1. State which residue is nearest to ligand 2 (Cβ to nearest atom) when the search covers only segment 92-125 and only residues that are modelled with pLDDT of 95 or more and of a type in the set (Val, Ile, Thr).
2. State whether one or more residues within segment 82-91 are in contact with a Ser or Thr (Cβ under 7 Å, 6 or more places away or on another chain) and modelled with pLDDT of 95 or more.
3. Only residues that are over 15 Å from Asp113 (Cβ atoms), assigned to a loop (DSSP other than H, G, I, E, B) and under 13 Å from the mean Cα position of the chain (by Cα): list them for segment 45-88, please.
4. Could you go through segment 166-175 and let me know if any residue there is within 23 Å of Glu238 (Cα to Cα) and either in a strand (DSSP E or B) or within 16 Å of ligand 2 (Cβ to nearest atom) (or both).
5. Tell me, which helices (runs of 4 or more DSSP H) wholly within segment 228-322 include 3 or more residues that are within 22 Å of Gln43 (Cβ to Cβ)?
6. Answer yes or no as to whether Glu174 is surrounded by fewer than 17 Cβ atoms within 10 Å (Cβ to Cβ) and without any contact (Cβ under 8 Å) to a residue 12 or more places away in the chain.
7. Of everything in segment 190-207, what is away from ligand 3 (no atom under 12 Å from the Cβ) and out of contact with any helix residue (DSSP H, G or I) (no Cβ under 9 Å at 6 or more places or on another chain)? Give them in sequence order.
8. So which of Phe311, Phe248, Phe287 is under 27 Å from Leu98 (Cβ atoms), out of contact with any Lys or Arg (no Cβ under 6 Å at 6 or more places or on another chain) and within 16 Å of ligand 1 (Cβ to nearest atom)?
Amino acid sequence: MLPDALSSIHAGPRHQLPIGDGDRRPGGGGGGAIEVVVLGRAQDGGMPQLGCRKPCCVQARSEGRRELPSALGVVDHQRGSLHLVEATPAIEEQVALLQSALPDRSVSAPLVDGVLVTHAHMGHYLGLAQLGREVAATDRMPLHVSARVAKFLKSNQPWAQLVELNQVELRVFEPGVRFELAPDIFVQPIPVPHRDEFFDTMAFKVCGPRACVLFLPDIDRWDASDLGPDFLPGLVSEVDVAYLDGTFYDGRELSGRDLGVIPHPPMIDTMQRLESVARERPGAVRFIHLNHTNPVLHDSTLLDELRSRGFDLAEQGECTLV
Ligand SMILES: [Zn+2]
Ligand SMILES: [Zn+2]
Ligand SMILES: [Zn+2]
């Protein structure tokens, strides 16, 4: 749950999803509210991470601390719809958390009304396997992906079987072209450079009638030649809340590996680029996709310093009214 000290920093219409508390659910009293909720904020492997015997995960195991891979949910309280952004290996917990936002949803309703996937790296799409007949056995679950991800899924098992057995129905979007996910909910997929040998990678801009949220969990670099110098500030200026790739802090967590060859912009670089935005709109830039070794997950002094500059971390359960 959100520490009290943090809530005062939060700009904009943001609050916590009260898990399992039907009286204080998101949008309660707001009638017709559409909200974007954070369902996880860790890098693909979550925390603790398989096999990690460094203090980050040793301590997490001993404390029972768990950070789920990055994902968002979109909740429409008036129409009763739920959409899941990313199918992570923790899809069961994340769908349960999302469903807790709509406690009156019929048990015969599909588990969610649609799934969006940014790209096919393990932390972002492996959860799709649980839609198969061994587990949830969904029926034509709308799955929004790019043409290249759709091709990747159709040409590789076990994903191809999900399509063949109509457990998912591929809805192919055009990179860069905004589409209507559901009434009053629009998504713009934004192509980003990120190791695209087998498929492309998207960021998503999710907009409701009131506001927009950017979800950009994975990018190789901000200064790629095809992006242009205004790519990052331009994107952030178009949204109310931006969840950005915070995989690594400054390279100290990489024990000597050259930061220049790590395919993620370090948080210190991103913060430098967005210094004035964070000052003017504190809390609008929020880091997600945090690696288990990232010191901001473990060092409260560092986190306080980051917050004093107007930046913050995504928190599981936090909601933004869109
Ligand atoms: Zn990732
Ligand atoms: Zn670790
Ligand atoms: Zn990735």
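The values are calculated or read from the model by the stated rules, or taken from the named source; none is laboratory data. Treat the numbers as computed from the prediction; the structure is a model and nothing was measured. So basically every Cβ, Gly included, is an ideal-geometry build from the backbone, and we count neighbours across all protein chains shown.
1. Going through the qualifying residues, I end up with Thr118.
2. Narrowing segment 82-91 to residues in contact with a Ser or Thr (Cβ under 7 Å, 6 or more places away or on another chain): 86.
So of that shortlist, the ones also modelled with pLDDT of 95 or more come out as 86.
Taking every residue of segment 82-91 in turn, at least one turns out to be in contact with a Ser or Thr (Cβ under 7 Å, 6 or more places away or on another chain) and modelled with pLDDT of 95 or more.
3. Our first condition is that a residue be over 15 Å from Asp113 (Cβ atoms); within segment 45-88, this holds for 45-71, 86, 88.
With the extra rule that they be assigned to a loop (DSSP other than H, G, I, E, B), the set shrinks to 45-46, 48-54, 64-66, 68, 70, 86, 88.
Residues satisfying the conditions are Gly46, Leu68, Ser70, Glu86, Thr88.
4. To start, the set of residues in segment 166-175 that are within 23 Å of Glu238 (Cα to Cα) comprises 173-175.
Still in the running and either in a strand (DSSP E or B) or within 16 Å of ligand 2 (Cβ to nearest atom) (or both): 173.
Yes: segment 166-175 contains one or more residues that are within 23 Å of Glu238 (Cα to Cα) and either in a strand (DSSP E or B) or within 16 Å of ligand 2 (Cβ to nearest atom) (or both).
5. Numbers: elements: 231-237, 267-273, 275-280, 300-308.
Counting at least 3 such residues, we get 231-237, 267-273, 300-308.
6. Working: surrounded by fewer than 17 Cβ atoms within 10 Å (Cβ to Cβ): yes; without any contact (Cβ under 8 Å) to a residue 12 or more places away in the chain: no.
For Glu174, the condition - surrounded by fewer than 17 Cβ atoms within 10 Å (Cβ to Cβ) and without any contact (Cβ under 8 Å) to a residue 12 or more places away in the chain - is not met.
7. Residues satisfying the conditions are Pro191, Phe204, Val206, Cys207.
8. Numbers: Phe311 fails: within 16 Å of ligand 1 (Cβ to nearest atom); Phe248 fails: under 27 Å from Leu98 (Cβ atoms).
Phe287 is the lone residue from the list that is under 27 Å from Leu98 (Cβ atoms), out of contact with any Lys or Arg (no Cβ under 6 Å at 6 or more places or on another chain) and within 16 Å of ligand 1 (Cβ to nearest atom).
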